[in-house]
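Since the structure comes first, as structure tokens, the remarks are kept for the end.
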Amino acid sequence: MKVVFEITGLSCDLALHPISPQTAESMREGGRDVYSQKYMNWWRRGNTRTFGMRINESSEIRLQVDGKDVPFNANLLYRNVYTLRQRMYLSSKAQFLAVLGYDNETCTFRWIWDNIEDFDPAKFNFVVTDWDNVLNTKGYRVLDNVFYDGKHADDEEWLNPSGFTLMDPIVLDLDDVRREIEEELKGTAVYDR
């Protein structure tokens, strides 16, 4: 059997970077100009980069088995959500974090598996990253990858990209994050960033 999992909606390419106070000020003042200050795509470097498809009310999901549409339970997407948190940088010397990239390119992404013997939707594993805490936006989830029965797709297709606009950098103060965590631990946290 040939299995195709497809999502159409907004793709995003986001990166979280620790930055110095000087860079934070430069980003606040310069906005999107920061992307042109270094070599092309420098902002994509690092191990906190996400490239995937946003999962929200405008996402269209389609599952096909041997060319026929099959119902898909969207709850399967949320079984193993990884929450990206600014906390990973609390022990670093960085005073600020920057979110760089885009999240506004309409396109379709497909994961394709060939030669599946017995199809069972429960064998899907979705790598979903939750950016809620970083972007202060409830429900900001990104589908990074899809596995079936523990295997990468045999093929992937990225279709009909519409183009994107890089976002203004979002600068986060790690001292604010540290205070937030203290308040969380005391039970007095108020999230209003």
**Q.** Pairs where the first residue, in segment 159-180, is without any contact (Cβ under 8 Å) to a residue 24 or more places away in the chain and the second is small (Gly, Ala, Ser), C-beta under 8 Å, 6+ apart
**A.** GLU180/ALA189
**Q.** Members of segment 142-162 that are surrounded by 14 or more Cβ atoms within 10 Å (Cβ to Cβ), within 15 Å of ILE61 (Cα to Cα) and not β-branched (Val, Ile, Thr)
**A.** LEU143, ASP144, ASN145
Q: State all residues of segment 169-189 that are part of a loop (DSSP other than H, G, I, E, B) and either modelled with pLDDT of 75 or more or touching a helix residue (DSSP H, G or I) at 6+ places or on another chain (Cβ under 7 Å) (or both); if no residue qualifies, say none.
A: PRO169, ALA189
Q) TRP113 is checked against (1) buried (at least 19 other Cβ atoms within 10 Å of the Cβ); (2) more than 30 Å from ASP69 (Cβ to Cβ); (3) in contact with a Phe, Trp or Tyr (Cβ under 8 Å, 6 or more places away or on another chain) and fails just one. What number does that condition carry? A) (2)
Q: Sort out which residues of segment 62-88 are closer than 18 Å to GLY52 by Cα, part of a helix (DSSP H, G or I) and at pLDDT below 90, and write them in order of number.
A: TYR78
**Q.** Candidate set from segment 1-53 (those that are hydroxyl-bearing (Ser, Thr, Tyr) and either touching a His at 6+ places or on another chain (Cβ under 9 Å) or in a strand (DSSP E or B) (or both)); member that is modelled with the highest pLDDT
**A.** THR8
(Q) So in segment 129-141, with the set limited to residues that are touching an Asp or Glu at 6+ places or on another chain (Cβ under 7 Å) and assigned to a strand (DSSP E or B), which one is surrounded by the fewest Cβ atoms within 10 Å (Cβ to Cβ)? (A) THR129
Q.
For the condition under 27 Å from THR108 (Cβ atoms) and touching a helix residue (DSSP H, G or I) at 6+ places or on another chain (Cβ under 6 Å), what is the one hit in PHE147, PHE126?
A. PHE126
Q.
Please go through segment 11-49 and give me each residue that is in contact (Cβ under 8 Å) with a residue 24 or more places away in the chain, of a type in the set (Ser, Thr, Tyr) and closer than 18 Å to LEU172 by Cα, ordered by number.
A. SER20, THR23, TYR35, THR48
Q | Residue within segment 105-122 that is closer than 26 Å to GLU25 by Cβ, at pLDDT 85 or above and either in contact with a Ser or Thr (Cβ under 9 Å, 6 or more places away or on another chain) or not charged (D, E, K, R) (or both) present | A | no
Q: Could you please let me know if LEU100 is in contact with a helix residue (DSSP H, G or I) (Cβ under 7 Å, 6 or more places away or on another chain) and in a strand (DSSP E or B)?
A: yes
(Q) Go through (1) surrounded by fewer than 16 Cβ atoms within 10 Å (Cβ to Cβ); (2) over 22 Å from VAL65 (Cβ atoms) for VAL99 and report which single condition fails. (A) (1)
Q: Go through segment 1-39 and count every residue that is of a type in the set (S, T, N, Q) and surrounded by 13 or more Cβ atoms within 10 Å (Cβ to Cβ).
A: 4
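The values are calculated or read from the model by the stated rules, or taken from the named source; none is laboratory data. Predicted, not measured: the structure shown is a model, and the values here were computed from it. Because the Cβ atoms are built from the backbone with ideal geometry, glycine has one as well, and the counts that use them run over all protein chains shown.
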